[in-house]
Amino acid sequence: MSGDVRVFNRQRGRAVDTRLLRRMARSLLEETMGLEEFDLAIQLVGVRAMAKLNQLHLHHKGPTDVITLDYAAFGPESGLAGEIIVCVDVAAEQARRFRVTWQAELTRYVIHGILHLRGHDDQDAAGRRRMKREEGWLLKKVGGHFHLSKLSRKTKVSA
């Protein structure tokens, strides 16, 4: 395993700069968390795809914000290995609710997934509080290095 991050945009609701998201995730893992060994895939999906994945993996009905699949147990090397699936539509909806940008909410979900892959658990109130604090701190760090608003890729307009 080495330091690899891949981003796949499988939704059409919002134009996302996947290269920037990849650089942000890589910076977070290497520079902020000090990881050298990681293999991370980030999937950006729409509501229908997320609802299917939520049913398949968690046996819950309807879409959710983020699903994290930890693959570290399947590999011989130590380090972070997994997949983070983010529903961009839910990120946009929650961003309106919390009065933040959808780009910040999308970034928060990626951070949330990475924290799960690092062993954080939000199943109880204390764990949720710790995780939210860590998410907030990491989001601030990422936002200090990158312009989150630039995650919104401008679409080309044809004449």
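Every number here is computed from the coordinates shown, using simple stated rules; none is lab data. All of these numbers come straight from a predicted model, not from anything done at the bench. Every residue, glycine among them, receives a Cβ derived from its backbone with ideal geometry; neighbour counts consider all protein chains shown.
What to note about this one:
- Remark: the stretch 80-130 carries a charge dipole of roughly 300 debye about the Cα centre, counting +1 on each Lys and Arg Cβ and -1 on each Asp and Glu Cβ.
- Cα gyration tensor shape of the chain, rounded if a/c is under 1.5, else prolate or oblate by comparing a/b with b/c: rounded
- 222 nm mean residue ellipticity, helices alone, for the chain (DSSP H n ≥ 4; -39,500 (n - 2.57); rounded to 500): -14000 deg cm²/dmol
- Dipole orientation for the chain: of the candidates Thr107, Ser149, Ile67, Ser149 has the Cα lying most toward the positive pole (charges on Cβ; Lys, Arg +1; Asp, Glu -1).
- Beta bridges per DSSP with both ends in the stretch 23-129, % antiparallel, nearest 5: 40 percent
- 22 Å Cα cut-off, lysine pairs counted over the chain (separation 8 or more, or different chains): 5
- Calculated from backbone phi, Karplus (6.51, -1.76, 1.60) coupling profile of the stretch 134-150 in Hz, x at Gly/Pro: 5, 4, x, 5, 5, 4, 5, 4, 5, x, x, 9, 10, 8, 4, 4, 6
- Between amide H atoms placed 1.01 Å from N, distances below 5 Å from Gly3 occur with Phe38, all of them 5 or more places distant or on a separate chain.
- Projection of the Cα convex hull of the stretch 29-104, averaged over all directions and equal to a quarter of that hull's surface, yields 6.1 nm².
- This model, with +1 at the C-beta of Lys and Arg and -1 at the C-beta of Asp and Glu, gives the chain a dipole about its Cα centre of some 1040 debye.
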